[in-house]
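Below you'll find the structure, written out as structure tokens, and then a few comments.
All of the numbers you see were taken from the coordinates with simple rules; none came from a lab. All of these numbers come straight from a predicted model, not from anything done at the bench. Cβ placement follows ideal geometry from the backbone for every residue including glycine, while neighbour counts extend to all protein chains displayed.
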Amino acid sequence: MTGMIDWFADPANWQGSDGVPTRLVEHLLLTVTSLAIAMVVALPVASWLGHIGRGGALAVNFTNVGRAIPTFAVLALLGVAIGSGVLGPYGRAGLPTLIALVLFALPPLVTNTYVGVREVDRDLVEAARGMGMSGWQIFRRVELPLALPLLLTGVRLALVQVWATATIAALVAGPGLGRIIVNGFALQDQAQVLAGAFLVGVMALVLELTMAYVQRQSNPVRVDRRTVEAAPPRPVKV
């Protein structure tokens, strides 16, 4: 632990292309980009399947196949097939890393979104249909708001998992905080290895707590209750 503290106290570890700020930005960029692509792919499809109640089991099982395949194996195969060339700000092996992380992010997004929409009380859906709402209006005004907490749970799970998994990009010459760990192993510097692992763990905890707060604040039932409690009582006419 003393060695790790000394490593953080060394100004050289906070400067240049191998410094902590640069590696942290690379890691965040990989994570956010991968999650954004996965959300664009997964959320509309899973939401619509949950709305119509068809094909959801197939989609969930298909995306969950990725959980049975080690991410490093996928990353290594993609690195061989696509190559480990530089992809702009994503560094070396940027493209195979992004593809592998997107595939890893899909299962929790698809599963939670589909289940969240599908598990909305059918009585509420029928009541909305009886009021003359179209299918799109039912989805937008009833199903999606009620499914939002579970949908955000999927986003939170995917975010933390992708953040942690992005560390292995360094094993195929990729960017991110994993470079600190890999370089530490190469130099047999245990303090550097611990420092890199500490950074990944702390940031994972920060992301988890941030998404948990966002999820709690976006709960429509909680928001309605808070609004009712804040509303002033109406005067009673005698």
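Its relative contact order, with pairs defined as Cα atoms under 8 Å and 6+ residues apart, puts the stretch 98-205 at 25 percent. A Förster distance of 25 Å, applied to the separation of the beta-carbon atoms of Asn64 and Ser218, puts the FRET efficiency at 0.45. For the stretch 5-69, the spherically averaged projection of the C-alpha convex hull amounts to 6.9 nm².
Measuring r between the beta carbons of Leu187 and Met1 and using R0 = 22 Å, the FRET efficiency lands at 0.75.
For the chain, the Cβ-based charge dipole about the Cα centre amounts to some 900 debye (Lys, Arg positive; Asp, Glu negative; other atoms uncharged).
For the stretch 48-89, applying the loop criterion from DSSP together with a ceiling of 14 other beta carbons within 10 Å to the chymotrypsin sites (Phe, Trp or Tyr not before Pro) yields no site. Per residue of the chain, the DSSP helices (runs of n ≥ 4 H) give a summed -39500 (n - 2.57) that works out to -24500 deg cm²/dmol at 222 nm.
Taking a quarter of the surface of the Cα convex hull of the stretch 69-133 gives a mean projected area of 7.0 nm². Please name whichever of Ala46, Leu24, Ala186 sits farthest to the positive end of the charge dipole of the chain, dipole taken about the Cα centre and charges placed at Cβ: Lys and Arg +1, Asp and Glu -1. Final value for the positive-end residue is Ala46. Extents of the stretch 19-224, taken as max minus min of Cα coordinates on every principal axis and listed largest first, are 68, 37, 28 Å. For the chain, the relative contact order works out to 24 percent when only alpha carbon pairs closer than 8 Å and six or more residues apart are counted.
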